[in-house]
Amino acid sequence: MSAGRAILLVFAAIAAIAFLWLAWIAAHIGWYRFQPPGETAFMAQRMDELREKNSKATLQYRWVPYARISVQLKRAMIAAEDAKFAEHAGFDWDGIRNALEKNRKAGRVVGGGSTITQQLAKNLFLSPARSYFRKAEEAVVTVMLEAMLPKQRIFELYLNVIEWGNGVFGAEAAARRYYNAPAASLSAEASARLASMIPSPRRFERNPGSEYLDGRVATILARMPAAEIP
């Protein structure tokens, strides 16, 4: 076999794998338009980690419809994570530019300027690893999510699957874990505190009274009235 033919076959194989991956992602997104995820990639990874220490470990995850999640929590999450969510098509280009500058100064990937849609893409299908290849995968899935789902469904999925502690996923599980209450009844302050945990939920779960969290809560509360929710 000639070198040129071998290279052509390699590219054809890569293209076929990419097509199958995209088709698999599209099929799942189509399903999630009407059905809740049974498990996400993040959940599977965290479950493996938990069961290395305890073979009987389980996750706290309970899906609730959009109407049964506090408006206060919705506002808090928009204020904390993605103020332009209702306006953009999946990417906050100003945030990305700022993140690239931080990465350049740090000499490594320390942040990605992720929107809510990007975070959902990562949680549903990818991993917590930080690399430019993973960010490229995330970008592709983000475009597909925005193309195939309405904004409210993207937000509903996000609120239900985002990590909120060690083995804790979604607004309902978080509300019951930290406040012994349903997600529908969360107050503005409780919502702001939950939203403040998102950048590092397992670390903040261990340090709920940190000064950093208190400062974020105050900032989020101040921004909540202006938050535009879908």
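Give me the pairs, please: first residue somewhere in the stretch 21-35 and among the charged types (D, E, K, R), second residue anywhere and open to solvent by less than 60 Å² (accessible area, probe 1.4 Å), beta-carbon distance under 7 Å, and either six or more positions apart or on two chains.
Short answer, once both residue conditions are applied: Arg33/Leu149; Arg33/Arg153.
Leu59 fails exactly one of the following numbered conditions: (1) closer than 13 Å to Val161 by Cα; (2) at pLDDT 95 or above. What is the number of that condition?
Exception for Leu59: condition (2).
Out of all the residues in the stretch 63-77, is one or more at pLDDT 95 or above, part of a helix (DSSP H, G or I), out of contact with any helix residue (DSSP H, G or I) (no Cβ under 6 Å at 6 or more places or on another chain) and open to solvent by less than 20 Å² (accessible area, probe 1.4 Å)?
Yes: one or more hits.
Anything in the stretch 1-28 that is open to solvent by 100 Å² or more (accessible area, probe 1.4 Å) and either within 30 Å of Leu157 (Cα to Cα) or charged (D, E, K, R) (or both)? List them, or say none.
Answer for the stretch 1-28, where residues must be open to solvent by 100 Å² or more (accessible area, probe 1.4 Å) and either within 30 Å of Leu157 (Cα to Cα) or charged (D, E, K, R) (or both): Arg5, Ile17, Phe19, Leu20, Trp24.
Given the conditions (1) modelled with pLDDT of 95 or more; (2) polar (S, T, N, Q); (3) surrounded by 21 or more Cβ atoms within 10 Å (Cβ to Cβ), report the number of the one that Gln152 does not fulfil.
That leaves (3) as the condition not met.
Have a look at Ala192, Ala184 and point out the one that is touching a residue at least 40 places away in the same chain (Cβ under 8 Å) and farther than 24 Å from Asp92 by Cβ.
Ala184
State all residues of the stretch 160-201 that are of a type in the set (Lys, Arg), in contact with a Lys or Arg (Cβ under 9 Å, 6 or more places away or on another chain) and within 15 Å of Tyr61 (Cβ to Cβ); if no residue qualifies, say none.
Across the stretch 160-201, the qualifying residue is only Arg176.
List the pairs whose first member sits in the stretch 43-67 and is at negative phi, whose second member is at pLDDT below 95 and of a type in the set (Val, Ile, Thr), and whose Cβ atoms are under 9 Å apart, counting only residues at least 6 apart or on separate chains?
Final answer for the pair search is Met47/Thr58; Leu50/Thr58.
The values are calculated or read from the model by the stated rules, or taken from the named source; none is laboratory data. These figures come from a predicted structure and were not determined experimentally. Glycine gets a Cβ as well: all are built from the backbone with ideal geometry, and neighbour counts include every protein chain shown. We work out accessible area using only protein heavy atoms, side chains counted, and drop any ligands, DNA or RNA first. Shrake-Rupley method; radii C 1.70, N 1.55, O 1.52, S 1.80 Å.
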